[in-house]
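Asker: Take a look at this one; I'll ask things after.
The values are calculated or read from the model by the stated rules, or taken from the named source; none is laboratory data. Note that this is a predicted model, so its numbers are computed, not measured. Here the Cβ positions follow ideal geometry from the backbone for every residue, glycine too, while neighbour counts run over all protein chains shown.
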Amino acid sequence: MTNKIIDLRSDTVTLPTPAMRQAIAEAELGDDVWREDPTVNRLEAMAAEKLGKEAGLLTASGTMSNLVALLTHCQRGAEVLVGDEAHIFHYEVAGAAALGGLELRTIPNDSGGRLLPKDVEEAIRLPDIHHPPTGLICLENTHNRCAGAVLGEADMEAVAQVARRWGIPVHLDGARIFNAAVALGVPAADLVRHADSVAFSLCKGLACPVGSLLCGSREFIAQARKYRKMVGGGMRQAGIIAAAGVVALDNMIDRLQEDHDNARLLAQGLADLPSLRLDPASGQSNMVSLQVEGMPAVEFHGRLGQAGVLVTYMGGQRLRLVTHYGIDRADIEEAIQRVRAAASPST
């Protein structure tokens, strides 16, 4: 354990399980652009059923799923309302603007990742020749930049009610929606019932090597399929990707609780350090977010790297640690000791 690198940068560093590798090797394949890959078709149907939607669409990544959703919902020149801490705003390379001609307008996220309904309503554009129309409202659950904060159904519904009054669709960036469902002990379908479309990642806590699903109505997905092709996402024998996703949806959702337990253990082990201040949402799901005090966060980030604990620098004084498949309780206990040592004034 002493020399082991403990990689807490993200749950994207997971490796596929032995069952996934076997499923990939044995997958029944066809041409998915022609809708002839049976493994892809099975995965898309499974995803839609789990989320209570009519249809699903396999994409290469969560960023692609979100981009395709925005292109499908909105006409060029529309405005999309997103949280100021949203993944779509911070980490998706302005694809909505560059490829969709869409403007992103930010609304403050609170510390729990929520958008306040009054803020959403105030941001909706009134009909005016000078204004872009509001084409879409986007939510995120769990919320990446808010320490993995979990939004409940009521949080989703409150914003959706505003959207319905104005006739505006709602898209959910649910990259880690199954983490939210496990944290709350409810079916994922309950959390997404108020969203017109939802995207989730296979390659994060579910431990697949690649992939994402976009789900919605049959009509929406039929149009989204064309936009997926437009942005280069028309894959052929994509069953080798989908096979791992089938295993994940069958076997990897319930085990997310282990990641949450490890995140809480990590948060508890660091909570009393005077040089670190934990985000209140830390440990709600599989993330711990730290504000470093007393030294530059980049310096502390370097100390942790030297100690064999890899974490993500989030800008300013923030660091993020993520638990995932491949990290066990013993790794967390060792990481706590290394972080505490790195935070010691004598280090």
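Asker: Just the residues that are buried (at least 21 other Cβ atoms within 10 Å of the Cβ) and of a type in the set (Val, Ile, Thr), please, taken from the stretch 247-260.
Answerer: Val247
Asker: Filter the stretch 249-277 down to the residues that are free of Cβ contacts under 8 Å to residues at least 24 places away in the same chain and aliphatic (A, V, I, L, M), then identify the one that is farthest from Leu202 (Cα to Cα).
Answerer: Filtering the stretch 249-277 for residues that are free of Cβ contacts under 8 Å to residues at least 24 places away in the same chain and aliphatic (A, V, I, L, M), the one farthest from Leu202 (Cα to Cα) comes out as Ala271.
Asker: Right, here's the next one. Can you say whether Val322 is over 25 Å from Tyr91 (Cα atoms), touching a residue at least 24 places away in the same chain (Cβ under 8 Å) and either of a type in the set (Val, Ile, Thr) or buried (at least 17 other Cβ atoms within 10 Å of the Cβ) (or both), as far as the supplied structure shows?
Answerer: When the stated conditions are applied, Val322 does not pass them.
Asker: Continuing with the same structure: Please verify whether the stretch 6-17 includes one or more residues that are surrounded by fewer than 15 Cβ atoms within 10 Å (Cβ to Cβ), among the acidic types (Asp, Glu) and touching a residue at least 60 places away in the same chain (Cβ under 8 Å).
Answerer: The answer is no; no qualifying residue exists.
Asker: Something else: Is it the case that the stretch 104-112 has a residue that's in a helix (DSSP H, G or I) and buried (at least 18 other Cβ atoms within 10 Å of the Cβ)?
Answerer: No, the stretch 104-112 contains no residue that is in a helix (DSSP H, G or I) and buried (at least 18 other Cβ atoms within 10 Å of the Cβ).
Asker: Are there any pairs with C-beta distances below 6 angstrom linking a residue in the stretch 72-100 that is on the phi < 0 side of the Ramachandran plot and assigned by TED's automatic domain parsing to the domain that holds Val198 to a residue that is part of a loop (DSSP other than H, G, I, E, B) and of a type in the set (Gly, Ala, Ser), with the two at least 6 apart or on different chains, and if so which?
Answerer: Arg76/Gly101
Asker: To continue, here is another question. Among Gly148, Gly152, Gly135, which is more than 18 Å from Gly56 (Cα to Cα), buried (at least 24 other Cβ atoms within 10 Å of the Cβ) and modelled with pLDDT of 95 or more?
Answerer: Unique residue meeting the criteria: Gly148.
Asker: In addition: Looking for whichever is of a type outside the set (A, V, I, L, M) and either in contact with a strand residue (DSSP E or B) (Cβ under 9 Å, 6 or more places away or on another chain) or on the phi < 0 side of the Ramachandran plot (or both) here; the options are Gly315, Gly326. Which one fits?
Answerer: Checking each option against the conditions leaves just Gly326.
Asker: Collect the residues in the stretch 261-272 that are surrounded by fewer than 16 Cβ atoms within 10 Å (Cβ to Cβ), of a type outside the set (Asp, Glu) and over 25 Å from Gly185 (Cα atoms), keeping them in residue-number order.
Answerer: Residue satisfying the conditions is Ala271 alone.
Asker: Follow-up question, since we're still on this one. Is it the case that the stretch 172-180 has a residue that's surrounded by 17 or more Cβ atoms within 10 Å (Cβ to Cβ), acidic (Asp, Glu) and within 24 Å of Asp259 (Cα to Cα)?
Answerer: Yes, the conditions are met somewhere in the stretch 172-180.
Asker: Would you mind stating whether Thr63 is closer than 21 Å to Ser197 by Cβ, hydroxyl-bearing (Ser, Thr, Tyr) and not in a loop (DSSP other than H, G, I, E, B)?
Answerer: yes
Asker: How many residues does the stretch 188-213 hold that are under 21 Å from Pro169 (Cα atoms), small (Gly, Ala, Ser) and in contact with a His (Cβ under 9 Å, 6 or more places away or on another chain)?
Answerer: Total satisfying the criteria: 3.
Asker: Okay, moving on. Checking Arg228 against (1) part of a strand (DSSP E or B); (2) under 25 Å from Ile88 (Cβ atoms); (3) of a type in the set (Lys, Arg): exactly one of these is not met. Which one?
Answerer: Only one criterion is unmet by Arg228, namely (1).
Asker: Which residue is surrounded by the fewest Cβ atoms within 10 Å (Cβ to Cβ), if the candidates are limited to the stretch 59-97 and must be within 20 Å of Phe220 (Cβ to Cβ) and β-branched (Val, Ile, Thr)?
Answerer: Ranking the candidates gives Thr63 first.
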